[in-house]
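Heads up: the structure comes next, in structure tokens.
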């Protein structure tokens with residue numbers, strides 16, 4: 001399936017990108033660079049202008065009164081919400097409509113390329129490029145851990161432009177199906193709807209989608225990519241000779257309208273492998289980089305899921321359960337970092353009764369009675 005994006009890459013941009021792409025061995029980057037940059041620019045505009053403009057008008061008593069780090073997190077969550085909805089919808093459409101993708105074998109899944117999968121790869125890389133500059137700009141808020149996460153995610157998605165595991169770009173981007181519910185959960189807290197029925201229903205959808213998309217779907221697809229990468233590590237160069245042997249038997253059949261049509265599937269295979277016509281064994285460093293990142297993220301998904309369950313339960317404690325927790329001296333702060341694979345390691349903390357919030361310089365900014373509130377990266381303590 002060809003790239004369905006309606007705008008072709010500007011020739012000047014392709015020319016400017018080609019030397020870097022050749023140096024980094026990213027063959028398909030020049031033909032998708034406009035999509036990558038357009039995605040990054042769109043997220044920047046949403047975060048810096050669109051979200052503040054509409055948030056001030058829709059929530060005039062809440063958004064303007066938030067501290068800086070909370071407003072930054074608010075705008076970042078708006079971007080995450082838009083990105084997750086758009087990219088998941090496009091990825092599902094590509095997976096359904098791309099007939100070439102459905103027929104791929106191991107070689108094509110590892111080294112093959114379709115324009116539609118490349119478009120998904122570009123959108124994802126564009127998001128993480130934007131995320132990288134956000135982490136650099138607000139390093140004091142998000143910290144070095146999130147900065148490294150943004151760098152690692154961008155590198156992994158850029159590797160797809162070799163092309164490498166281009167097939168799996170829309171597959172793994174479906175992790176983002178749980179992101180909208182996470183973002184709504186965060187917004188419910190800021191809109192003073194903590195513990196409300198809408199947040200409860202959203203929490204159920206958050207846990208259900210996270211379990212389905214990340215733990216079930218994600219683990220299954222990870223096993224598939226591990227299997228493909230293992231085969232690619234021990235791959236003998238037989239694919240190129242197989243394609244070459246089949247090309248001479250292509251049959252030219254005259255179409256009723258007089259158009260010549262090639263009827264052998266080998267032609268389609270050759271088209272999928274045009275950037276890697278003679279694939280060799282996958283480099284060990286490439287497999288370790290990709291599989292190591294994937295394994296780390298899957299491990300974190302299981303850890304975060306347990307923390308999410310604890311956090312949701314604490315947000316909906318009955319007064320009797322809360323009183324018992326106080327008597328037992330239980331510290332109810334529960335921090336969940338990196339809940340979603342959108343480059344944004346959201347920090348959620350459940351706080352009861354009295355909360356103290358300190359600024360980045362350690363100064364106590366506020367101390368008040370409250371229900372539950374998102375920590376926004378600030379240091380908060382539960383006082384009993």
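Every number in this text was worked out from the coordinates using simple rules, so none of it is lab data. Owing to the predicted nature of the structure, the values given are computational and were not obtained by experimental measurement. Positions of Cβ are generated from backbone atoms using ideal geometry, with glycine treated the same way; all protein chains shown enter the neighbour counts.
Here are the numbers for this structure:
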read-out: Cα-based shape type of the stretch 1-119, given that a ≥ b ≥ c are square roots of the gyration tensor eigenvalues and the cut on a/c is 1.5; value: prolate
read-out: Cα convex hull of the stretch 151-209 - mean projected area over all directions, nm²; value: 5.1 nm²
read-out: Estimated translational D of the stretch 1-67 in µm²/s (Stokes, Kirkwood radius over Cα pairs; 20 °C; 1.002 mPa s); value: 146 µm²/s
read-out: Alpha carbon centroid spacing (whole Å) that separates the stretch 42-58 from the stretch 15-39; value: 29 Å
read-out: Segments 176-185, 130-139 sorted - mean Cβ within 10 Å per residue, highest first; value: 176-185, 130-139
read-out: Anisotropy class of the stretch 113-232 from Cα gyration tensor, a/c 1.5 cut; value: oblate
read-out: Packing-based exposure ordering (other Cβ within 10 Å, fewest first) of 23, 49; value: 23, 49
read-out: Least to most buried among 297, 147 (fewest other Cβ within 10 Å first); value: 147, 297
read-out: Potential extension, residue 133-residue 288 segment - 0.36 nm per residue separation minus Cα distance; value: 53.2 nm
read-out: Order of 214, 162 under a 10 Å beta carbon neighbour criterion, fewest first; value: 162, 214
